[in-house]
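**Q** I am attaching a structure below and will ask some questions about it afterwards.
The values are calculated or read from the model by the stated rules, or taken from the named source; none is laboratory data. Quantities reported herein were computed from a predicted structural model and do not represent experimental measurements. Cβ sites come from the backbone with ideal geometry, for glycine too, and all protein chains shown count toward neighbours. Side chains are part of the model used for accessible areas, which takes the heavy atoms of the whole protein and leaves out ligands, DNA and RNA. Shrake-Rupley method; radii C 1.70, N 1.55, O 1.52, S 1.80 Å.
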Amino acid sequence: MSSLLLQLAVLGVALAAAALILISFVAFITATKMPHLHQHEDEKFFLNARGQKETLPSIWDSPTKQLSVVVPSYNEEKRLPIMMDEALGYLEERQKQDPTFTYEVIVVDDGSKDQTSKVAFKYCQKYGSDKVRVITLVKNRGKGGAIRMGIFSSRGEKILMADADGATKFPDVEKLEKGLNDLQPWPEQMAIACGSRAHLEKESIAQRSYFRTLLMYGFHFLVWFLCVKGIRDTQCGFKLFTREAASRTFSSLHIERWAFDVELLYIAQFFKIPIAEIAVNWTEIEGSKLVPFWSWLQMGKDLLFIRLRYLTGAWRLEQTKKMN
């Protein structure tokens, strides 16, 4: 009996090792060697408040604003106005209190099928194209890809990514700014402050099914085990970067959909960019595009592939690469 159990155990280990080798091989041969940074010709321009085309700037230009806010938006015509009203109300009041403060909001329409671009453009007409710009992508790239396109066209010394649903209270950007400043001195002017909902976890568990709670804990374990140590909430869509940190991390990003945040922080930790995790106010907003089981399954696969592709050398981290 003991001999049979030993044989089964050896067989199990052999099968697991074979499966890992097979998955590693699949991850290696299906990997894109370098991030795809190509811009479609129509994505190199934005419409000013008069409806005329102007060339977008580049993140490799010198900054001309203190803060850029990048808002990825896919079919957000209904939720976007609430977020934009709050954000612009705050930013305008801050500029009124401190006339030296300068900002821009960049809405990136990620190939929406609704009127997202038209809704966003109304804010451009109201506030002017120096403050609000709309980039309309020719096809859907995914949230990470949309944010990258916005960041690469930004003018800010600091760059904030913020979700279009307005789940995070916008004035909490001041908490992230303080967290960023507390990390100084910044190596090579690079630092990141991540908004975090970890302090709300107990409350959210009480409102979730056991299955969704299990998925959440499983995802957190995989993030810790495979990719990112020391960050409890990698997925909050409220993150503040120095310009240098944004260009370094997003230039190396491969994942463009749900798990892009994890790879982004994996890259940051590889380059030893200091990261602060800051508690923010957050409210769940209806209309999430996550399909609980399948989205978590996709993210789990992405996490495993992130680790294996870097481990096998299919993906390599290099210095900043400019976009064509």
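**Q** Taking the criterion of being at pLDDT 90 or above, open to solvent by 20 Å² or more (accessible area, probe 1.4 Å) and either outside any loop (DSSP other than H, G, I, E, B) or of a type outside the set (Val, Ile, Thr) (or both), would at least one residue in the range 29-45 satisfy it?
**A** yes
**Q** Which of (1) without any contact (Cβ under 8 Å) to a residue 60 or more places away in the chain; (2) open to solvent by 30 Å² or more (accessible area, probe 1.4 Å); (3) within 19 Å of Ala164 (Cα to Cα) does Thr234 not meet, given it meets every other one?
**A** Thr234 satisfies every listed condition except (2).
**Q** A further question on this structure: For the range 130-161, which residues satisfy the criterion of being of a type outside the set (Ser, Thr, Tyr) and open to solvent by 10 Å² or more (accessible area, probe 1.4 Å)?
**A** Within the range 130-161, Asp130, Lys131, Arg133, Val134, Val138, Lys139, Asn140, Arg141, Lys143, Arg155, Glu157, Lys158 qualify.
**Q** Are there any pairs with C-beta distances below 6 angstrom linking a residue in the range 170-193 that is over 16 Å from Phe270 (Cα atoms) and part of a loop (DSSP other than H, G, I, E, B) to a residue that is at pLDDT 95 or above and not hydrophobic (A, V, I, L, M, F, W, C), with the two at least 6 apart or on different chains, and if so which?
**A** Leu183/Pro274
**Q** Might you check whether a residue that is open to solvent by 50 Å² or more (accessible area, probe 1.4 Å), over 30 Å from Asp61 (Cα atoms), at pLDDT below 85 and assigned to a loop (DSSP other than H, G, I, E, B) occurs anywhere in the range 297-319?
**A** No, the range 297-319 contains no residue that is open to solvent by 50 Å² or more (accessible area, probe 1.4 Å), over 30 Å from Asp61 (Cα atoms), at pLDDT below 85 and assigned to a loop (DSSP other than H, G, I, E, B).
**Q** Looking at (1) within 17 Å of Asp163 (Cβ to Cβ); (2) at pLDDT 85 or above; (3) open to solvent by less than 20 Å² (accessible area, probe 1.4 Å), which is the only condition Leu253 fails?
**A** The one condition Leu253 does not meet is (1).
**Q** Another question about this same structure. If I go through the range 91-118 residue by residue, how many of them are open to solvent by 10 Å² or more (accessible area, probe 1.4 Å) and over 13 Å from Val71 (Cα atoms)?
**A** Qualifying residue count, the range 91-118: 16.
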